[in-house]
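The values are calculated or read from the model by the stated rules, or taken from the named source; none is laboratory data. From a predicted model like this one, the values you see are computed outputs, not experimental measurements. Neighbour counts are summed over all protein chains in view; Cβ atoms, including those assigned to glycine, are modelled from backbone coordinates with ideal geometry.
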Amino acid sequence: LLALLGLLSGYAARRFLSQRNSLTAELRRAVDAGEFVPFYQPVVLGESGELAGAEVLVRWMHPIEGIIPPNQFIPLAESSGLIVKMTYQLMDRVQAELLGQLPSLPGRFHIGFNISAAHCTSMELLDRCRAFLKPFPPESVVLFLELTEREAIPATPMTDELFRQLDEMGVQVALDDFGTGNSSLEYLQRFTVNALKIDQSFVAKAGTETLSSHILDIIVDLASRLELFVVAEGVETAMQREYLNKLGVEYMQGYLFGRPVPFTEFAATHLPPASNGAGDRTPI
Ligand code: C2E
Ligand code: CA
Ligand code: CA
C-alpha cells in the first residue's frame, strides 16, 4: 500500500510540475506575442469627482480564451519572474497611449503601476522609470509604483538604494491593499512611502459599526499623521463616497467612478476632447 501511495504521489507531483512548466511556457509565449494589455481605471478626487489619474491593470487578451483577468496569471508570472518583462512592456504601451492624448490629460496626471518583488532585485526599475518619464513635459505626469505584500521585498542595501533613488527622481510609492498583509508597517518604516491605498474590504464596511470600519478610520488617521496621500479602493456606492469624504479621504477609485477599460474607452469616457486644451478635468 505504501509503495502504491508513493507511486501515486510521485505521479501527482510530476503532473503538477509539468502542468506548471507548460503554463509558464504559455505565459512566456504570450509575453513575446504582446498579448498583455493595459486597462485603465480612473482615480478621482473624491469630493469633486475630478479625474486625478489612473491605475494600470493588466489583462491577458488570449487568442482562444478571450480576456483573462490578472488573478488567474499574476501569481505564476510573479513566481516565474516573467512579471518583470510583462510590466516593462505595459509601461512602454502606457507611455505611448498617454503621449497620444497629452493635451487632454489633467495636469499632474497620476499613473500607477503594480510592482512585484521581482522588480526590486535590480536597479533596472530605476532606468525603466526614468525612460518612462523622459518624454513627458515636467509636471504633466506623476508616476506611482504600487507595492503589494504578495511577495516580500527583501531588505538589502540594494533595495534601500533603489527606493532612495526613486524618491529622488520624484517617483511616488504607494502601499497597496494596506492593512491586509503582515509587513505594511515595516514597509512604512523602511521605504519613503507617499501614499496608502486602503483595501476594498475595509471600504466595503465604511459607515457600518464593525471592526473593519474602525480599521478604516485608523488607517486614515495614520496616513494624515504621516502626511501621506490616501486612496480608497473599491468605492461602489454614493454612501461609501460620502463617508470617505467626511473622513477626509482625498482620492478614490472604484466602480462608482469607472471600471478598468482599454485606453480608447478611458479617453472617450474620462478625458475631454483634445481640442478643449490641457488641464480640463472631467467631473464624475
Ligand atoms: P489591485 O492592485 O488591488 O487592483 C484593484 C482590483 O480591484 C482590480 O482588480 C480592480 O478591477 C478591482 N476593482 C476596482 N474597483 C472595484 C470596485 O469598485 N469593486 C470591486 N469589487 N472591485 C474593484 P483586477 O483588475 O482583477 O486586478 C486584481 C489584482 O491583480 C490587482 O489588485 C493587482 O494586485 C494585480 N494586478 C493587476 N494588474 C497587475 C500588473 O500589471 N502587475 C502586477 N504585478 N499585478 C497586477
Ligand atoms: Ca494596485
Ligand atoms: Ca488593492
Looking at (1) among the polar types (S, T, N, Q); (2) away from ligand 1 (no atom under 16 Å from the Cβ); (3) within 24 Å of Ile74 (Cβ to Cβ), which one does Thr210 not meet, given that it meets all the others? (3)
Failed condition for Ile218, given (1) surrounded by 14 or more Cβ atoms within 10 Å (Cβ to Cβ); (2) assigned to a helix (DSSP H, G or I), with all others met? (1)
Yes or no: Ser48 out of contact with any Phe, Trp or Tyr (no Cβ under 8 Å at 6 or more places or on another chain) and in a helix (DSSP H, G or I)? no
Counting just the residues of region 221-260 that are hydroxyl-bearing (Ser, Thr, Tyr) and in a loop (DSSP other than H, G, I, E, B), which one comes out surrounded by the most Cβ atoms within 10 Å (Cβ to Cβ)? Thr237
Within region 68-91, tally of residues that are more than 16 Å from the chain's Cα centre (by Cα) and either under 23 Å from Leu271 (Cβ atoms) or part of a loop (DSSP other than H, G, I, E, B) (or both): 2
Among (1) out of contact with any helix residue (DSSP H, G or I) (no Cβ under 9 Å at 6 or more places or on another chain); (2) assigned to a helix (DSSP H, G or I), Gly112 falls short only on (2)
Kindly list, by first and then second residue, each pair from a residue in region 55-84 that is of a type in the set (Gly, Ala, Ser) to a residue that is away from ligand 2 (no atom under 14 Å from the Cβ), limited to pairs with Cβ atoms under 7 Å and residues at least 6 apart or on different chains. Ala77/Leu27; Ala77/Met86; Ser80/Thr24; Ser80/Leu27; Gly81/Ala118
Give me the residue from region 144-170 that is at pLDDT 90 or above and within 16 Å of ligand 1 (Cβ to nearest atom) and, out of that set, surrounded by the fewest Cβ atoms within 10 Å (Cβ to Cβ). Glu146
Glu97 versus (1) within 14 Å of ligand 1 (Cβ to nearest atom); (2) assigned to a helix (DSSP H, G or I); (3) of a type in the set (D, E, K, R): which is the lone unmet condition? (1)
Regarding region 128-138, can at least one residue be identified that is surrounded by fewer than 20 Cβ atoms within 10 Å (Cβ to Cβ), within 14 Å of ligand 1 (Cβ to nearest atom) and over 18 Å from Leu57 (Cβ atoms)? yes
